[in-house]
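Peer 1: Let me give you the structure first, and then I'll get to my questions.
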């Protein structure tokens with residue numbers, strides 16, 4: 001029943017979208033910050 005509500009109702013689909021968006025943001029922020037940290041370490045090492 002819960003799966004039916006998640007995939008068939010408007011609020012279920014919006015909840016699924018928000019969950020996927022937040023997980024995607026977490027991956028993007030982690031890669032962005034790690035890239036900036038590596039750039040800063042390389043700049044400080046010069």
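The values are calculated or read from the model by the stated rules, or taken from the named source; none is laboratory data. The model shown is predicted, which means the values in this text are computed figures rather than measured ones. Positions of Cβ are generated from backbone atoms using ideal geometry, with glycine treated the same way; all protein chains shown enter the neighbour counts.
Peer 1: Looking at this structure, is residue 29 more than 11 Å from the chain's Cα centre (by Cα), assigned to a helix (DSSP H, G or I) and on the phi < 0 side of the Ramachandran plot?
Peer 2: Taking the combined requirement at face value, the residue does not satisfy it.
Peer 1: If you don't mind, there's one more thing I want to ask. Go through 16, 6 for me and flag whichever is surrounded by 10 or more Cβ atoms within 10 Å (Cβ to Cβ), part of a helix (DSSP H, G or I), at pLDDT 95 or above and under 23 Å from the mean Cα position of the chain (by Cα).
Peer 2: 16
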